């Protein structure tokens with residue numbers, strides 16, 4: 001059941017989302033060095049979860065961005081998803097006026113700073129739920145949107161009927177999904193301290209901290225002020241499917257195996273590997289299993305069987 | 001400082017009006033609003049009665065159309081906007097950019113408020129909605145400390161409404177998928193968190209349990225009380241320890257900081273709870289009315305009366321209250 005290469009639109013691209021966790025500077029720098037040689041087309045950089053995490057300063061991020069650009073990657077700088085303090089607005093403003101790289105706006109503050117001034121990408125936390133919203137943002141300079149993770153294949157198909165053809169649709173295709181954001185830091189809470197006294201404890205959890213039910217079911221991931229799905233969202237079966245409507249497949253970095261994940265997505269894209277085979281290789285790389293329920297308009301944590309591997 | 005009270009039905013609306021609400025907020029009987037529960041909210045005839053009662057008492061009526069339509073059902077939200085506009089309500093409370101755009105174009109004279117579900121937490125985000133759609137007031141998520149609310153109020157181009165009492169969303173409103181992750185239905189898409197159809201209460205030999213679509217949310221001994229299974233108020237295991245990893249069952253109560261909210265220029269205080277009983281609405285409205293009036297009379301010496309506090313605690317989740325994110329230690 002090989003993938004038909006001819007039916008794969010040439011514009012299908014792979015992106016690497018921003019690192020959602022708090023890693024040491026060396027780990028981040030090494031990570032992006034290794035990304036240079038991968039077949040990923042687009043790399044999103046920056047801290048999107050907590051402004052207290054400062055392994056890299058803006059100039060460090062810019063240096064990483066320049067290196068990736070020099071090896072042919074499209075580089076995008078991502079903004080914080082939840083802003084609370086004026087100092088955080090200042091950080092976002094600096095990003096938005098960097099002058100070199102496109103911005104992924106992850107909240108409306110960033111959109112306000114970019115609208116009408118420069119093209120931008122609308123992140124998954126912008127709440128673009130219908131084409132009317134998308135068109136309005138396109139009028140302000142949006143060129144690509146990342147679909148909210150809780151929306152389905154059917155919704156994307158409906159969008160495609162009503163959206164400008166030049167606009168790219170990106171979908172969260174591999175990784176632990178962002179499920180919620182809060183003022184409270186749950187990693188700090190697990191350590192019985194307040195956020196202001198967190199001691200940067202999230203650095204000890206490079207893939208987040210597991211929250212399980214009292215029946216020991218792996219349920220959610222605590223990642224500072226962000227909550228994620230414990231299961232990895234896996235849309236490998238949509239790669240190479242011309243009707244999926246996905247222009248860009250986003251892979252979310254994890255502390256290990258990200259290069260392998262990128263490679264498997266790329267092999268399916270090129271037709272070198274069947275999606276079923278790729279999925280069999282991918283699933284062990286997910287720390288506690290995979291899910292794809294949202295894509296099939298079900299509970300996000302559900303795992304629906306994809307027949308035929310396409 | 002305006003007092004904005006919830007009404008899930010006509011008796012609640014009357015309770016709010018009779019006990020001193022400056023405004024009440026309501027929703028239609030469908031998924032166009034964020035309290036889409038069976039038996040709750042208003043159909044056409046009830047809305048007319050509601051408007052008649054409120055206007056005869058000088059109370060404003062706001063209609064929440066604050067969920068996120070999808071491509072296939074956008075027309076339903078358009079109809080809701082048109083209907084509310086035709087009734088001549090005092091304001092719409094909207095979240096979705098597409099819906100805001102529609103309302104601003106079609107009903108330019110209609111007053112628009114930004115719903116908490118739009119997740120606007122900064123003056124730049126608020127400015128976006130004010131400039132693009134002429135929004136005249138923004139309700140802000142329960143994520144800011146008092147100092148941050150003050151900074152927002154000072155820099156915002158439009159007045160700010162905050163939550164003053166009620167069930168506490170600990171996640172940023174409008175961006176919480178906990179319910180949809182477990183059930184497929186959540187606040188943004190369905191207008192409800194932990195929909196009742198997915199809730200199971202069960203009993204083992206010694207325990208009571210609540211499950212949401214099969215996921216164990218909490219478990220207590222038979223002599224204890226078991227709360228409604230919202231995921232953020234459940235008990236889970238983190239690093240080997242079982243407890244309320246996200247938040248305990250508790251309600252937000254801002255009476256202790258009322259003078260601060262007044263001083264920094266908050267335009268309105270909202271009470272949560274369209275899903276609650278008329279008795280709840282009456283009690284909370286009465287207490288908040290008395291507290292706001294006392295605070296306006298003499299903010300310097302305002303101290304919440306023990307009676308007010310105990311009345312509010314008695315209707316709170318888990319019979320306890322918190323200042324939530326307003327207080328940095330909570331965060």
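Quick check: is even one residue across the range A:99-116 assigned to a loop (DSSP other than H, G, I, E, B), within 14 Å of another protein chain (Cβ to nearest Cβ) and over 20 Å from the mean Cα position of the chain (by Cα)? Yes, some residue in the range A:99-116 is assigned to a loop (DSSP other than H, G, I, E, B), within 14 Å of another protein chain (Cβ to nearest Cβ) and over 20 Å from the mean Cα position of the chain (by Cα). Confirm whether residue A:81 is over 22 Å from residue A:195 (Cα atoms), surrounded by 22 or more Cβ atoms within 10 Å (Cβ to Cβ) and within 11 Å of chain B (Cβ to nearest Cβ). Answer is no for this residue.
This table checks each residue for (1) buried (at least 24 other Cβ atoms within 10 Å of the Cβ); (2) over 18 Å from residue B:267 (Cα atoms); (3) touching a residue at least 60 places away in the same chain (Cβ under 8 Å).
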{"site": "B:93", "(1), (2), (3)": "yes, no, yes"}
{"site": "B:97", "(1), (2), (3)": "yes, yes, no"}
{"site": "B:103", "(1), (2), (3)": "yes, yes, no"}
{"site": "B:114", "(1), (2), (3)": "yes, no, no"}
{"site": "B:117", "(1), (2), (3)": "yes, yes, yes"}
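For residue B:144, state whether it is touching a residue at least 24 places away in the same chain (Cβ under 8 Å), closer than 22 Å to residue B:258 by Cα and in a loop (DSSP other than H, G, I, E, B). Judged against the criteria, residue B:144 is a match.
Residue-by-condition table, conditions (1) at pLDDT below 95; (2) more than 18 Å from the chain's Cα centre (by Cα):
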residue	(1), (2)
B:213	no, yes
B:222	yes, yes
B:225	yes, yes
B:245	no, yes
B:249	yes, no
B:259	no, yes
B:266	no, no
B:281	no, no
B:291	no, yes
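Tallying residues that are part of a strand (DSSP E or B), surrounded by 23 or more Cβ atoms within 10 Å (Cβ to Cβ) and touching a residue at least 12 places away in the same chain (Cβ under 8 Å) within the range B:222-269 yields 3.
Within the range A:11-58, the set of residues being within 14 Å of residue A:266 (Cβ to Cβ) and at pLDDT below 95 comprises just one member, A:12. Taking the range B:156-175 as the range and being within 13 Å of chain A (Cβ to nearest Cβ) and either on the phi > 0 side of the Ramachandran plot or in contact (Cβ under 8 Å) with a residue 40 or more places away in the chain (or both) as the test, the residues that pass are B:163, B:168, B:169, B:170, B:171, B:172, B:173, B:174, B:175.
When the range A:158-187 is filtered for residues that are part of a helix (DSSP H, G or I), more than 8 Å from chain B (Cβ to nearest Cβ) and crowded, with 21+ Cβ neighbours inside 10 Å, only A:187 remains.
Is it the case that some residue within the range B:182-204 is assigned to a strand (DSSP E or B) and within 11 Å of chain A (Cβ to nearest Cβ)?
Applying the first criterion (assigned to a strand (DSSP E or B)) to the range B:182-204 yields B:199-203.
Subsequent filtering for residues that are within 11 Å of chain A (Cβ to nearest Cβ) retains none.
Scanning the range B:182-204, I find no residue that is assigned to a strand (DSSP E or B) and within 11 Å of chain A (Cβ to nearest Cβ), so the answer is no.
Only residues that are over 16 Å from residue A:83 (Cβ atoms), in contact with a helix residue (DSSP H, G or I) (Cβ under 9 Å, 6 or more places away or on another chain) and surrounded by fewer than 24 Cβ atoms within 10 Å (Cβ to Cβ): list them for the range B:133-153, please. Write out each step before concluding.
Within the range B:133-153, the first condition is being over 16 Å from residue A:83 (Cβ atoms), and the residues that meet it are B:133-137, B:139, B:146.
From the residues that got through so far, the ones that are in contact with a helix residue (DSSP H, G or I) (Cβ under 9 Å, 6 or more places away or on another chain) too are B:133-136, B:139, B:146.
Answer for the range B:133-153, where residues must be over 16 Å from residue A:83 (Cβ atoms), in contact with a helix residue (DSSP H, G or I) (Cβ under 9 Å, 6 or more places away or on another chain) and surrounded by fewer than 24 Cβ atoms within 10 Å (Cβ to Cβ): B:133, B:134, B:136, B:146.
If you go through the range A:278-303 and keep only what is touching a helix residue (DSSP H, G or I) at 6+ places or on another chain (Cβ under 9 Å), outside any loop (DSSP other than H, G, I, E, B) and free of Cβ contacts under 8 Å to residues at least 24 places away in the same chain, you end up with A:281, A:293. On the given criteria, is residue B:285 assigned to a helix (DSSP H, G or I), surrounded by 20 or more Cβ atoms within 10 Å (Cβ to Cβ) and in the same structural domain as residue B:149 (by TED's automatic domain parsing)? In short, yes.
What are the residues in the range A:243-261 that are assigned to a helix (DSSP H, G or I) and crowded, with 21+ Cβ neighbours inside 10 Å, if any? Reasoning before the result, please.
Start the filter on the range A:243-261 by keeping residues that are assigned to a helix (DSSP H, G or I), which leaves A:258-261.
Scanning the range A:243-261 gives A:258, A:261.
Which of the numbered conditions does residue B:179 fail, given that it passes all the others? Conditions: (1) outside any helix (DSSP H, G or I); (2) over 28 Å from residue B:292 (Cβ atoms). Against the list (1) outside any helix (DSSP H, G or I); (2) over 28 Å from residue B:292 (Cβ atoms), residue B:179 comes up short only on (1).
Please list, ordered by residue number, the helices (runs of 4 or more DSSP H) wholly in the range B:36-132 having 2 or more residues that are within 11 Å of chain A (Cβ to nearest Cβ), at pLDDT 95 or above and in contact with a helix residue (DSSP H, G or I) (Cβ under 7 Å, 6 or more places away or on another chain). Break it down into steps so the answer makes sense when it comes.
Details: elements: B:44-56, B:74-87, B:97-106.
Ranges flagged: B:74-87, B:97-106.
Of the conditions (1) crowded, with 21+ Cβ neighbours inside 10 Å; (2) more than 10 Å from chain A (Cβ to nearest Cβ); (3) touching a strand residue (DSSP E or B) at 6+ places or on another chain (Cβ under 6 Å), residue B:208 satisfies every one except a single condition; which number is it? Result: residue B:208 fails condition (1) only.
The values are calculated or read from the model by the stated rules, or taken from the named source; none is laboratory data. Treat the numbers as computed from the prediction; the structure is a model and nothing was measured. Please note: Cβ atoms are built from the backbone with ideal geometry, for glycine as well, and neighbour counts cover all protein chains shown.
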